[in-house]
Ligand code: FES
């Protein structure tokens, strides 16, 4: 079980993965996660249990911690990378 907190412009996002995890920073966009995931609030409250999700990196989403596409409207710029973690 991986228990990790990722810093984003919208604040820290905590997630847990049971099994393999793929984490892909999308160029000028969100953090794409694939795996058996639990997304948690800072309080530890379970927000969602998913197999794949996109977490906001720009800090402008209307449904944080998830991306809602607003990064395109605000011209968010950030590097993308190959999967950084498995
Ligand atoms: S990365 Fe923030 S809305 Fe998509």
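For every residue, the table says whether it meets (1) within 11 Å of the ligand (Cβ to nearest atom); (2) in contact with a helix residue (DSSP H, G or I) (Cβ under 8 Å, 6 or more places away or on another chain); (3) part of a strand (DSSP E or B).
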position	(1), (2), (3)
3	no, no, yes
11	no, no, no
37	no, no, yes
47	no, no, yes
62	yes, yes, no
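Among the residues of segment 33-63, those identified as surrounded by 14 or more Cβ atoms within 10 Å (Cβ to Cβ) and out of contact with any strand residue (DSSP E or B) (no Cβ under 8 Å at 6 or more places or on another chain) are 58, 59, 60, 61. Entry remark, segment 19-35: residues being within 14 Å of residue 66 (Cβ to Cβ) and part of a loop (DSSP other than H, G, I, E, B) number 3 in total. The one condition from (1) more than 16 Å from the ligand (Cβ to nearest atom); (2) assigned to a loop (DSSP other than H, G, I, E, B); (3) in contact (Cβ under 8 Å) with a residue 24 or more places away in the chain that residue 16 does not meet is (2). Close Cβ contacts (under 6 Å, 6 or more residues apart or on different chains) running from residues in segment 43-56 that are within 22 Å of residue 70 (Cα to Cα) to residues that are within 16 Å of the ligand (Cβ to nearest atom) and part of a strand (DSSP E or B) comprise 47/39; 48/39; 53/33; 54/32; 55/13; 55/31.
Yes/no matrix, rows are residues, columns are (1) within 13 Å of the ligand (Cβ to nearest atom); (2) farther than 15 Å from residue 12 by Cα; (3) more than 13 Å from the chain's Cα centre (by Cα):
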{"site": "26", "(1), (2), (3)": "yes, yes, no"}
{"site": "31", "(1), (2), (3)": "yes, no, no"}
{"site": "40", "(1), (2), (3)": "no, no, no"}
{"site": "68", "(1), (2), (3)": "yes, yes, no"}
{"site": "77", "(1), (2), (3)": "yes, yes, yes"}
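Only the coordinates and a few stated rules stand behind these numbers; no lab work does. Everything numeric in this text was worked out from a predicted model, so none of it was measured. Ideal geometry is used to build each Cβ from the backbone, glycine not excepted, and the neighbour counts take in all protein chains shown.
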